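Colleague: Have a look at the structure that comes next, please.
The values are calculated or read from the model by the stated rules, or taken from the named source; none is laboratory data. Just so it is clear, the model here is predicted, and its values are computed rather than measured. Here the Cβ is made from the backbone with ideal geometry for all residues, glycine too, and neighbour counts use every protein chain on show.
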Amino acid sequence: MSHSLISHALTPVFLSQYQTIRQHFFNRDPKRWPIYHTPELAHWLANGMQPAFESSDVLLKQQTEIPTQSDLGATTFPKLALQAATHSKDWTSPRSVENVITAPCDPAIHGALLATMANPNLVYSEYAGLSVELEKTLVRQMANLIGYEPDQSTGIFTQGGTFGNLYGYLMGLRKQFPHSGQRGLQGQDFRMINSLAGHYSNMTNLGLLGTDIPRQALRIEVDSNNRLDLDDFSRTLNQCFAEGIPVPTVLLTFGTTDTFAIDDVERVCRINEQACQRFNVTVKPHIHVDAAVGWPLIMFNDYAFDTNPIGLNNNLLEKLHALAPKIRGLRFADSVTIDFQKWGYVPYTASLVMFKHQADMEYLKQDPHYFSYFESNKTAQTHLQSTIECSRGAAGVYGSYCALNMLGKRGYQTMVGHGLQNAEYLKAHLSSLPHCKVVAKDNLGPTVAFRLYQPSATLNVDAVFQQEQSLHHVGDKVDSITQHSLFHRQHFLNRKGKQLQTNWVESIAHTEFDHHGQCLFIPGEKAVFLNPYTRYHHIEQFVASLQPESSTQLV
């Protein structure tokens, strides 16, 4: 191992901890988890996922009617349903690192199954029984992790991170315009603020809410690592208040999808507080954080960095310790989107939106007369009158609760540490390639974004990338971005599926902003290491396919 990679070596303590957690919770072992004894499932697991074949596709497309007769001989799954599952994406493959999706753990699978059998509807306590209390228990546990007061905060399980972010926007609107639930937003002037690097739901949700996006959505510039530019945010917020324009919600990101940028939540909240005091703003902007991907980092909020109990390698230990203040800063947010279905190793869908203050739920309440067929003395036991959904299934709650309470903090720290060490290991290898530029290298997270350039004796990737970032207008130099991108894109397509299954991204970086606040986006490739099965040797094989001699063969 080269000297530059020594700090990335996995320690014996960590390897032992990782192997223990993987064997107990990610092994699909029928001795531990009896459901895997089911004959069709056992056969399916033994043979693994397979590429889709044409005959299955044709059979599925040909089926247009429900059978007339009952299948009295059936014991488990219809044949085509099993085939569809067999030829779905295999997230247990160690090569699967495309995006923020991963294989669920065994406890979460069984927890979701338990909820499916019990079939509670969390929207109303009479329909859910003690399942309501299970949701409340998990919410208290998450409040403790974030740093909220468990008795003062609350949360709602919902259908995906987009819904979580929608709640964040909606909460801000209802706080700012208390009658908007009945009278709408017609004639109201306001501005919603989010980051240019945020998830696309930051914008699509505004459309759902009827926002005049070109006029009422303000996107804040980001720095070279795709983190929210605090100076631009401060200018934008202060200008809104100076003009008497309310800002219902500021939406931040705690781990962007493509480069894992983490916005400084604490500093944004301070800027928000100062601006409100300066302009005597009585209804403060609601600060919502999209932590759908990055939330598991809070498992390290109380980690003993001095004793390093799970044996993280030196490189990760130092970087994680340096990031700890920003991780703890999540507690300053008014609400947070959490996706257990991503880095939480829980099946789809399992999303939670946390609110720092229980009292805020009053802003979301609808007219109680709408709920006439529910007993009024029971409605207070759930958030029935405040939820967007009517039906709320409990599979996400049960799956998440089982995962959290069986893996525990140590289990999560181990699997999150596994992904982070994999990402840092790939970054170190890529940084040694003369024709590769790692983008946002300083961002600590499971995501690795990079650009490949055509190898040459005179190539200086740092200089070329800096030149690309400095462009403001179309022309020959902008065409050079396209030429480099085409080379990388062809290289990506030629090796696609042969080693790590990475993803092509249209924007992993951007040019500098011009005086109109406009920029050009720079495409590239990314790998996301949430996968509990990916190991260092898979990464080494992938890097070998990127070596300059391999690149030259693709020209």
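Colleague: Does PHE492 satisfy the condition of being within 28 Å of HIS418 (Cβ to Cβ) and either touching a Leu at 6+ places or on another chain (Cβ under 6 Å) or without any contact (Cβ under 8 Å) to a residue 60 or more places away in the chain (or both)?
Modeller: Working: within 28 Å of HIS418 (Cβ to Cβ): yes; either touching a Leu at 6+ places or on another chain (Cβ under 6 Å) or without any contact (Cβ under 8 Å) to a residue 60 or more places away in the chain (or both): yes.
Here the answer is yes, as PHE492 does meet what is asked.
Colleague: Something else about it: Output the residue which, of all residues in region 157-177 that are over 25 Å from the mean Cα position of the chain (by Cα) and surrounded by 20 or more Cβ atoms within 10 Å (Cβ to Cβ), is nearest to PRO120 (Cα to Cα).
Modeller: Filtering region 157-177 down to residues over 25 Å from the mean Cα position of the chain (by Cα) leaves 174-177.
Within this subset, residues satisfying the condition of being surrounded by 20 or more Cβ atoms within 10 Å (Cβ to Cβ) are 174-176.
Working: ARG174: 29, LYS175: 31, GLN176: 34 Å.
In this case the residue turns out to be ARG174.
Colleague: Now for a separate question. Scan region 202-221 for residues that are within 22 Å of ASN443 (Cβ to Cβ) and in contact with a Phe, Trp or Tyr (Cβ under 9 Å, 6 or more places away or on another chain) and jot them down.
Modeller: ASN202, ILE220, GLU221
Colleague: Can you say whether SER180 is among the hydroxyl-bearing types (Ser, Thr, Tyr) and surrounded by 22 or more Cβ atoms within 10 Å (Cβ to Cβ), as far as the supplied structure shows? Even if it seems obvious, please write down each step before you answer.
Modeller: Values: among the hydroxyl-bearing types (Ser, Thr, Tyr): yes; surrounded by 22 or more Cβ atoms within 10 Å (Cβ to Cβ): no.
Answer is no for this residue.
Colleague: Looking at PRO309, PRO325, can you tell me which residue is assigned to a loop (DSSP other than H, G, I, E, B), assigned by TED's automatic domain parsing to the domain that holds THR249 and surrounded by fewer than 21 Cβ atoms within 10 Å (Cβ to Cβ)? Write out each step before concluding.
Modeller: Working: PRO325 fails: assigned to a loop (DSSP other than H, G, I, E, B).
After applying the criteria, what remains is PRO309.
Colleague: Only one of SER507, SER485 is surrounded by fewer than 19 Cβ atoms within 10 Å (Cβ to Cβ) and not assigned by TED's automatic domain parsing to the domain that holds ALA261; which? Steps first, please.
Modeller: Numbers: SER485 fails: surrounded by fewer than 19 Cβ atoms within 10 Å (Cβ to Cβ).
Exactly one residue qualifies, and that residue is SER507.
Colleague: Does LYS284 fit the bill of being farther than 21 Å from GLY417 by Cβ, of a type in the set (Lys, Arg), more than 20 Å from the chain's Cα centre (by Cα) and not in a strand (DSSP E or B)?
Modeller: Working: farther than 21 Å from GLY417 by Cβ: yes; of a type in the set (Lys, Arg): yes; more than 20 Å from the chain's Cα centre (by Cα): yes; not in a strand (DSSP E or B): yes.
Answer is yes for this residue.
Colleague: Take the residues of region 364-415 that are surrounded by fewer than 23 Cβ atoms within 10 Å (Cβ to Cβ) and of a type in the set (Val, Ile, Thr): which is farthest from ARG535 (Cα to Cα)?
Modeller: This residue is THR379.
Colleague: Output the number of the condition that ASN144 fails; it satisfies all remaining conditions of (1) without any contact (Cβ under 8 Å) to a residue 40 or more places away in the chain; (2) in a loop (DSSP other than H, G, I, E, B); (3) within 30 Å of ASN422 (Cα to Cα).
Modeller: (2)
Colleague: Could I ask something else about it? Which number in (1) surrounded by fewer than 24 Cβ atoms within 10 Å (Cβ to Cβ); (2) of a type in the set (Gly, Ala, Ser); (3) in contact with a strand residue (DSSP E or B) (Cβ under 8 Å, 6 or more places away or on another chain) marks the one condition that ALA291 misses?
Modeller: (1)
Colleague: Let me ask you something else. Could you check THR337 against (1) surrounded by fewer than 24 Cβ atoms within 10 Å (Cβ to Cβ); (2) touching a His at 6+ places or on another chain (Cβ under 9 Å); (3) closer than 30 Å to ARG270 by Cα; (4) not acidic (Asp, Glu) and say which number it fails?
Modeller: Checking THR337 against (1) surrounded by fewer than 24 Cβ atoms within 10 Å (Cβ to Cβ); (2) touching a His at 6+ places or on another chain (Cβ under 9 Å); (3) closer than 30 Å to ARG270 by Cα; (4) not acidic (Asp, Glu), the one that fails is (1).
Colleague: It is to be established whether one or more residues within region 393-416 are in contact with a Pro (Cβ under 9 Å, 6 or more places away or on another chain), part of a loop (DSSP other than H, G, I, E, B) and within 22 Å of LEU134 (Cβ to Cβ).
Modeller: yes
Colleague: I'm told MET361 meets every condition in (1) within 30 Å of GLY181 (Cα to Cα); (2) surrounded by 24 or more Cβ atoms within 10 Å (Cβ to Cβ); (3) among the aliphatic types (A, V, I, L, M) except one. Can you identify the failing condition by its number?
Modeller: Among (1) within 30 Å of GLY181 (Cα to Cα); (2) surrounded by 24 or more Cβ atoms within 10 Å (Cβ to Cβ); (3) among the aliphatic types (A, V, I, L, M), MET361 violates only (2).
Colleague: Right, another one. One residue is enough: does region 467-475 have a residue meeting the conditions crowded, with 19+ Cβ neighbours inside 10 Å and at negative phi? Let's see the steps before the verdict.
Modeller: Here is the first cut: in region 467-475, the residues crowded, with 19+ Cβ neighbours inside 10 Å are 468.
Those left that are additionally at negative phi: 468.
The answer is yes; a qualifying residue exists.
Colleague: Just checking, how many residues over region 178-187 are touching a residue at least 12 places away in the same chain (Cβ under 8 Å) and of a type outside the set (A, V, I, L, M, F, W, C)? So that I can check it myself, show each step before the final result.
Modeller: From region 178-187, those touching a residue at least 12 places away in the same chain (Cβ under 8 Å) are 178, 181-182, 184-185; that's our starting set.
Remaining after also requiring of a type outside the set (A, V, I, L, M, F, W, C): 178, 181-182, 184.
Of the residues in that region, 4 qualify.
Colleague: For the subset of region 204-218 comprising residues that are part of a helix (DSSP H, G or I) and surrounded by fewer than 16 Cβ atoms within 10 Å (Cβ to Cβ), which member is nearest to the chain's Cα centre (by Cα)? Please lay out each step first, then the result.
Modeller: Initial filter on region 204-218 (part of a helix (DSSP H, G or I)): 204-208, 213-216.
Checking the rest, the ones that are also surrounded by fewer than 16 Cβ atoms within 10 Å (Cβ to Cβ) come to 204, 207-208, 213-215.
Values: THR204: 17, GLY207: 21, LEU208: 21, ILE213: 24, PRO214: 26, ARG215: 28 Å.
Among them, the one singled out is THR204.
Colleague: Across region 319-364, what is the total count of residues that are without any contact (Cβ under 8 Å) to a residue 40 or more places away in the chain and among the basic types (Lys, Arg)?
Modeller: 0
Colleague: Can you name every residue in region 349-375 that is within 13 Å of the chain's Cα centre (by Cα), assigned to a loop (DSSP other than H, G, I, E, B) and of a type outside the set (A, V, I, L, M)?
Modeller: THR349
Colleague: Please count how many residues of region 243-276 are more than 14 Å from PHE233 (Cβ to Cβ), part of a loop (DSSP other than H, G, I, E, B) and touching a helix residue (DSSP H, G or I) at 6+ places or on another chain (Cβ under 9 Å).
Modeller: Going through region 243-276 one residue at a time, the tally reaches 5.
Colleague: Any chance you could count how many residues in region 521-537 are buried (at least 19 other Cβ atoms within 10 Å of the Cβ) and assigned to a loop (DSSP other than H, G, I, E, B)?
Modeller: Going through region 521-537 one residue at a time, the tally reaches 5.
Colleague: Here is a check on your reading of the model: is ARG32 touching a Leu at 6+ places or on another chain (Cβ under 6 Å), modelled with pLDDT of 90 or more, surrounded by 11 or more Cβ atoms within 10 Å (Cβ to Cβ) and assigned to a loop (DSSP other than H, G, I, E, B)? Don't jump to the end; show me each part of the working.
Modeller: Details: touching a Leu at 6+ places or on another chain (Cβ under 6 Å): no; modelled with pLDDT of 90 or more: yes; surrounded by 11 or more Cβ atoms within 10 Å (Cβ to Cβ): yes; assigned to a loop (DSSP other than H, G, I, E, B): yes.
No; evaluated as a whole, the condition is false for this residue.
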